[in-house]
Amino acid sequence: MSKSDKYPAESGRRRFVKGVVGGAALAGVGAMGSATVNTLTTSGGVGGGATVATTIAHTGGPAPRGLPQIPLRITDEGYIEGIWPETTTITQEGQEIEVAQEDLGGRTYAGEWFQYCGVESQENIQPNFESDNLFRSVTGSYEWQDETYDAGDRIHVDDFDDYDTWGNGLGTDGVGKPAAVTWRSEDADSDLNAVVIRSEQIEQAAEEDEWIAASTDQGFLAYLNVCTHFCCIPGYKQLEEAARYDAADGSYCVCHQSVYDPFTLEESLFIARPRPD
Ligand code: FES
């Protein structure tokens, strides 16, 4: 691995992994991919199939892969906004379908990254769903957030100024300051739950990597907070018991002890579920 593939040396074990997780799985998809896509797109819906998503790394427990990253930017007013891919029309299995898909930071970013655990049926991940894409605060996860925002408030860069020292008594202080949020959920029946974290590690990594530079901003990173195992909501620095599973500074899913590392990004291959036709 070249030096540019790693987070700075002082961040220790953190590193950015460029490979596709599950090379053996890739072979399987190659062998049956077209049949799978055919079934997925004609009987139950459209737009699913073999997909490579950028995810925060899965580091422990039974989950099959990491949680999909949500690329973001900071608006001119200082609010944190997720990026939703542009809508485009493609032909799949002889049928013209709309997909959310664009080139970003040298990769293909697609709405399919979020098509699992029933999320594929939610209106807010349909390609044309109209939303301002701003992350909005959720209450009950972090004391600082409850003291700063009401539910539904937009989150602002100024409220993360102490990100290099913030702590809540769990894990190590100064690793990253989180907020529990929803995305594209203002006018939807179901929420998309996400986590936004601001960290020096992300800020530094963006200086050396095209993808991280394009998908994060001023040290902010976001990911969809839906466990890839059985779809529970994991917690970043929310439970003391996370330390028993080497997740004191990571994201821990209490349902069956899966662990994710928000400071290691990797590309993960999976079969995205089709959207309802
Ligand atoms: S570990 Fe099973 S749902 Fe998260």
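The values are calculated or read from the model by the stated rules, or taken from the named source; none is laboratory data. A quick note: this is a predicted structure, and the numbers were derived from the prediction, not measured. Using ideal geometry, Cβ is built from the backbone for each residue, glycine included, and neighbour counts are taken over all protein chains shown. Ligands, DNA and RNA are excluded from the accessible area calculation, which covers all protein heavy atoms including side chains. Shrake-Rupley method; radii C 1.70, N 1.55, O 1.52, S 1.80 Å.
Quick test of your reading of the structure: CYS253 fulfils all but one of (1) within 14 Å of the ligand (Cβ to nearest atom); (2) farther than 15 Å from GLY61 by Cβ. Name the failing condition by number.
(2)
Tell me, which strands (runs of 3 or more DSSP E) wholly within the stretch 190-277 include 3 or more residues that are touching a helix residue (DSSP H, G or I) at 6+ places or on another chain (Cβ under 8 Å) and open to solvent by less than 60 Å² (accessible area, probe 1.4 Å)?
Fully inside the stretch 190-277 and qualifying: 220-224, 258-272.
For the stretch 168-177, which residues satisfy the criterion of being surrounded by 19 or more Cβ atoms within 10 Å (Cβ to Cβ) and touching a Phe, Trp or Tyr at 6+ places or on another chain (Cβ under 7 Å)?
GLY176, LYS177
From GLU143, GLU96, GLU102, GLU130, which residue is acidic (Asp, Glu), at pLDDT 95 or above and more than 24 Å from TYR236 (Cα to Cα)?
Criteria check complete, one pass: GLU102.
Using beta carbons and a limit of 8 Å, which pairs, at least six apart or on different chains, have the first residue in the stretch 229-241 and over 16 Å from LEU192 (Cα atoms) and of a type in the set (Asp, Glu) and the second one modelled with pLDDT of 95 or more and not in a loop (DSSP other than H, G, I, E, B)?
Once the first residue is over 16 Å from LEU192 (Cα atoms) and of a type in the set (Asp, Glu) and sits in the stretch 229-241, its partners that are modelled with pLDDT of 95 or more and not in a loop (DSSP other than H, G, I, E, B) give GLU241/TYR252.
Can you pull out every residue in the stretch 118-134 that is assigned to a loop (DSSP other than H, G, I, E, B) and in contact with a Lys or Arg (Cβ under 7 Å, 6 or more places away or on another chain)?
Result: GLN126, PHE129, SER131, ASN133.
Select from the stretch 231-248 the residues that are away from the ligand (no atom under 16 Å from the Cβ) and modelled with pLDDT under 95 and write down the one among them that is nearest to ALA206 (Cα to Cα).
The qualifying residue nearest to ALA206 (Cα to Cα) is ALA248.
Select from the stretch 53-92 the residues that are within 16 Å of the ligand (Cβ to nearest atom) and part of a strand (DSSP E or B) and list them in ascending order.
THR55, ILE56, ALA57, HIS58, THR59, GLY60, LEU67, PRO68
Output the residues belonging to the stretch 89-107 that are of a type in the set (S, T, N, Q) and free of Cβ contacts under 8 Å to residues at least 24 places away in the same chain.
If the condition is that a residue be of a type in the set (S, T, N, Q) and free of Cβ contacts under 8 Å to residues at least 24 places away in the same chain, then THR89, THR91, GLN101 are the ones that fit.
If I filter the stretch 151-167 down to residues being open to solvent by 60 Å² or more (accessible area, probe 1.4 Å) and touching a residue at least 40 places away in the same chain (Cβ under 8 Å), which single residue comes out as nearest to ILE70 (Cα to Cα)?
Applying the filter and picking the extreme gives ARG154.
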